[in-house]
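Structure first, commentary second.
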Amino acid sequence: MNSIEIFNFIDLAVRLCIVILSLLTSNLLLKIDADVIRSRIYVAFKNLKKYFVFLTFGFVLYLFEAFLSVNSIAGSTQHDPLKGVMLTVFQLSVLVFLYNIYVAIRVPNKRIL
């Protein structure tokens, strides 16, 4: 496997995880009362703020990847591994942030719902 195939596999796996985690989080948001969600996010705010800063770093890499794509010569594969790393870090930062939101709002005990 070359580096492009590896990044394509990682891209697919991370996208699948992001979709699954967003579906789980959406399900929780529909089931739980808004006041309960607000209080749980308030309790976990310090942790969420740290991961949001990491997500912001991922967004900056996402922007740089777009600049590399626009400025690259058509068909040039010179920056493909670098673009793959940038997109992977961005997707992992989104995944980590979504996971921490899910952990913050999930019900610790199923009987509480």
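Just LEU63, LEU30, LEU48 to compare: in a GNM of the chain, with alpha carbon springs under 10 Å, which one fluctuates most?
Judging by the Gaussian network model, the answer is LEU30.
Springs between alpha-carbon atoms under 10 Å, Gaussian network over the chain: tell me which of ILE37, ILE101, ILE18 tops the mean-square fluctuations.
Among ILE37, ILE101, ILE18, the largest mean-square fluctuation in the Gaussian network model of the chain belongs to ILE37.
With the chain treated as a Gaussian network of Cα nodes joined by springs under 10 Å, which of LEU92, LEU55, LEU24 yields the largest mean-square fluctuation?
Greatest mean-square fluctuation among the candidates belongs to LEU24.
Can you find, among LEU23, ASN8, TYR102, the residue farthest towards the positive end of the dipole of the chain? Put +1 on the C-beta of Lys and Arg, -1 on that of Asp and Glu.
TYR102
Suppose every K and R has +1 on its Cβ and every D and E has -1 on its Cβ; what is the size of the dipole of the chain about the Cα centre, in Debye to the nearest 20?
It works out to roughly 720 debye.
Counting heavy atoms of the protein chains only and a 1.4 Å probe, report the per residue accessible area for the stretch 1-44 as a whole number of Å².
Each residue of the stretch 1-44 exposes 75 Å² on average to a 1.4 Å probe.
Tabulate in residue order the Karplus-calculated ³J(HN,Hα) for the stretch 36-49, using 6.51 cos²θ - 1.76 cosθ + 1.60 with θ = phi - 60°, rounded to whole Hz; enter x for Gly and Pro.
5, 5, 4, 5, 5, 5, 4, 5, 9, 4, 4, 5, 5, 5
Across bins of 5 angstrom width beginning at 0, how are the C-alpha pair distances of the chain distributed, in whole percent?
Percent of pairs per bin, in order: 2, 11, 17, 18, 16, 12, 9, 7, 5, 3, 1, 0.
Hey, what do the phi angles of the stretch 18-31 turn into as Karplus ³J(HN,Hα) couplings, whole Hz, using 6.51/-1.76/1.60 and θ = phi - 60°, x for Gly and Pro?
5, 5, 4, 5, 5, 5, 5, 5, 4, 4, 5, 5, 6, 7
What full-extension length gain, to one decimal in nm, is calculated for VAL70 and ALA34 as 0.36 nm per residue of separation minus the Cα-Cα distance?
8.7 nm
Which distance in nm do the two modelled labels at TYR99 and PHE45 give, with both placed 7 Å along the Cα-to-Cβ direction?
In this crude spin-label approximation the distance works out to 2.5 nm.
Between THR56 and ALA13, what length in nm is gained on full extension when 0.36 nm per residue of separation is reduced by their alpha carbon distance?
The THR56-ALA13 span can extend by a further 13.3 nm.
Return the sequence-ordered ³J(HN,Hα) values of the stretch 83-88 in whole Hz as given by the Karplus equation 6.51 cos²θ - 1.76 cosθ + 1.60 applied to θ = phi - 60°, using x for Gly and Pro.
Working through the residues one at a time gives 5, x, 5, 4, 5, 5 Hz.
The values are calculated or read from the model by the stated rules, or taken from the named source; none is laboratory data. Keep in mind the model is a prediction, meaning the values are calculated, not measured. Glycine also receives a Cβ, built like all others from the backbone with ideal geometry; neighbour counts cover every protein chain displayed. Note: accessible area is taken over every heavy atom of the protein model, side chains too, but ligands, DNA and RNA are not part of it. Shrake-Rupley method; radii C 1.70, N 1.55, O 1.52, S 1.80 Å.
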